[in-house]
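Notes follow once the structure below has been shown.
The values are calculated or read from the model by the stated rules, or taken from the named source; none is laboratory data. This is a predicted model, so every value here is computed, not measured. For neighbour counting, all protein chains shown are included, and Cβ atoms are generated from backbone atoms with ideal geometry for every residue, glycine included.
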Amino acid sequence: MKNWAGNLEYSSADVRRPESVAELAEIVANSPRVKALGSRHSFNRVGDTEGVHVLLDALPQQVELDSGRGTVRVSGGVSYGALCRTLEDSGVAIHNLASLPHISVAGAVQTGTHGSGVNNPSLAGAVESVDLVRASGEQVTLTRADGDEFLASVVGMGALGIVTGLELAVRPSFRMRQRVLEDLPWDNALEEFSAVMSAAYSVSLFTDYAGETINQVWLKALDEEPALPGLFGARAALRPRHPLPDMSAENCTAQLDEPGQWLDRLPHFRHEFTPSNGDELQSEFILPLEHAPAALQAVRSLAPQLAPLLFVSEIRTGAADEFWLSPFYRRQSVALHFTWKPMQPEVEAFLPVLEDVLRPFGARPHWGKLFTPEGHDWEALYPRFTDFRSFAHGLDPEGKFRNGLLDTILGVPARR
């Protein structure tokens, strides 16, 4: 099996499709190495194993709304696209979505995946409880009342267990409009960065870091927010746009201020156009919002080296949360996302240069994308990192859920 982008082939010795959580628990209990795979949208080996890969698509795919509690219980392998259609049919929504709606709920939450919006937490921010199968095969449910164990487990890279279900907070359904602006002057963007990124419910900037302007500004506004014909020198696009230049916008969500429901505006791409694979690579680095102008200037200085490798970069924001390994842990943040051309040796050779430039700003890599695992002081980046490592070693002393990447990040547990 390969991942979504096709840039890596998984190394598992066996692949299993359990049809019940009890069957999954038995597989986990009896396997020396095991890992779950969701939509396979990670670009690194965070989900790899030398043992058994379990695919969750044969488990019962449940979406159960609890209107009284304002929550929905969803199986971990369900995609956000499928979840959102069911929620919309019941007149409710979740607070935000990633750019692609095709990713699985469990995988997205476990890696700290997010949308945009200065006041919008990552997708993990909606989690009220999480169901896991531990290394022993024990099935547990953790809620916010479980304190540290819950906060450690929600964003956990699969190191603390296989997520089989989650309970997410919901809100009443809402309507939105999407508008794309073009050619935002860099000087204006850096001087008014907070205002630019707060101009709508969700704002994304798309750039190649070259020249004097940012290519595109994507504004996803609530119906009650005012329409913006321009923004600090940027002009409204006169036709629908794709984030990449010269690409058809056919697969993108509706623009030009056309009103629609939240699930059809928050992602950049339509759910009905299922991407079979993406001929690209991705990296992302999340740092404190107050450092954004200086960090962006630093990245701009690398534009001559970036240009041959880069399709486009997206700049997003996110609210702080309390999950120990969330890239947004206790920091209102800006996220610098890089969509690379499929040139993995060249990209991996350049990443240390980019990471060195971003290191002074406390940049945290996205767990599911390409980064240099040896090049980061994890204890400095994550105040609860040592506590998380202790949890991982205690709950999985044999390293059942480990792989090379996790061993590099967390250290190799002492084998019993």
T164 versus (1) in a loop (DSSP other than H, G, I, E, B); (2) among the β-branched types (V, I, T); (3) farther than 19 Å from W367 by Cα: which is the lone unmet condition? (1)
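Sort out which residues of the range 325-363 are in a loop (DSSP other than H, G, I, E, B) and surrounded by fewer than 21 Cβ atoms within 10 Å (Cβ to Cβ), and write them in order of number. Lay out the reasoning, then the answer.
Within the range 325-363, the subset in a loop (DSSP other than H, G, I, E, B) is 325-328, 330-332, 341-343, 362-363.
Result: R330, R331, Q332, K341, P342, M343, G362.
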Spans of strands (runs of 3 or more DSSP E) in the range 28-68 with at least 2 residues assigned by TED's automatic domain parsing to the domain that holds L132: 63-66
Flag for L370 being assigned to a helix (DSSP H, G or I) and either among the hydrophobic types (A, V, I, L, M, F, W, C) or touching a residue at least 60 places away in the same chain (Cβ under 8 Å) (or both): no
Looking at V130, V155, V109, V163 in this structure, which one is under 20 Å from S39 (Cβ atoms), assigned by TED's automatic domain parsing to the domain that holds V74 and in contact with a Phe, Trp or Tyr (Cβ under 6 Å, 6 or more places away or on another chain)? V155
Of all residues in the range 253-300, count the ones that are surrounded by 15 or more Cβ atoms within 10 Å (Cβ to Cβ), among the β-branched types (V, I, T) and part of a loop (DSSP other than H, G, I, E, B). 1
If you check S198 against the conditions, is it assigned by TED's automatic domain parsing to the domain that holds H337, in contact (Cβ under 8 Å) with a residue 60 or more places away in the chain, under 18 Å from the mean Cα position of the chain (by Cα) and within 21 Å of S122 (Cβ to Cβ)? no
Could you tell me which of the residues S67, S75 is surrounded by fewer than 23 Cβ atoms within 10 Å (Cβ to Cβ) and either among the hydroxyl-bearing types (S, T, Y) or free of Cβ contacts under 8 Å to residues at least 12 places away in the same chain (or both)? S67
Of residues in the range 135-148 being free of Cβ contacts under 8 Å to residues at least 60 places away in the same chain and not hydroxyl-bearing (S, T, Y), the one surrounded by the most Cβ atoms within 10 Å (Cβ to Cβ): L142
Need the failing condition index for L231 against (1) at pLDDT 95 or above; (2) surrounded by 14 or more Cβ atoms within 10 Å (Cβ to Cβ), just the number. (1)
Would it be correct to say that D187 is at positive phi and surrounded by fewer than 14 Cβ atoms within 10 Å (Cβ to Cβ)? no
For S204, only one of the following conditions fails: (1) outside any loop (DSSP other than H, G, I, E, B); (2) surrounded by fewer than 16 Cβ atoms within 10 Å (Cβ to Cβ); (3) of a type in the set (G, A, S). What is its number? (2)
Which condition does L151 not pass, out of (1) surrounded by fewer than 19 Cβ atoms within 10 Å (Cβ to Cβ); (2) touching a residue at least 24 places away in the same chain (Cβ under 8 Å), if it passes all the others? (1)
Residue that is nearest to the chain's Cα centre (by Cα), among those in the range 69-80 that are part of a loop (DSSP other than H, G, I, E, B) and farther than 19 Å from G137 by Cα: V78
Is it true that some residue in the range 169-192 is free of Cβ contacts under 8 Å to residues at least 24 places away in the same chain and touching a Ser or Thr at 6+ places or on another chain (Cβ under 7 Å)? no
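Can you name the residue in the range 5-21 that is without any contact (Cβ under 8 Å) to a residue 40 or more places away in the chain and of a type outside the set (D, E, K, R) and is also nearest to G158 (Cα to Cα) among such residues?
Residues of the range 5-21 that are without any contact (Cβ under 8 Å) to a residue 40 or more places away in the chain, as a first pass: 9, 11, 13-14, 16.
Adding the requirement that they be of a type outside the set (D, E, K, R) leaves 11, 13.
On the way: S11: 17, A13: 19 Å.
Filtering first and then ranking leaves S11.
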Filtered residues of the range 388-410 (kept if in contact with a helix residue (DSSP H, G or I) (Cβ under 7 Å, 6 or more places away or on another chain) and under 28 Å from H337 (Cβ atoms)): F388, R389, A392, L405, T408, I409, L410
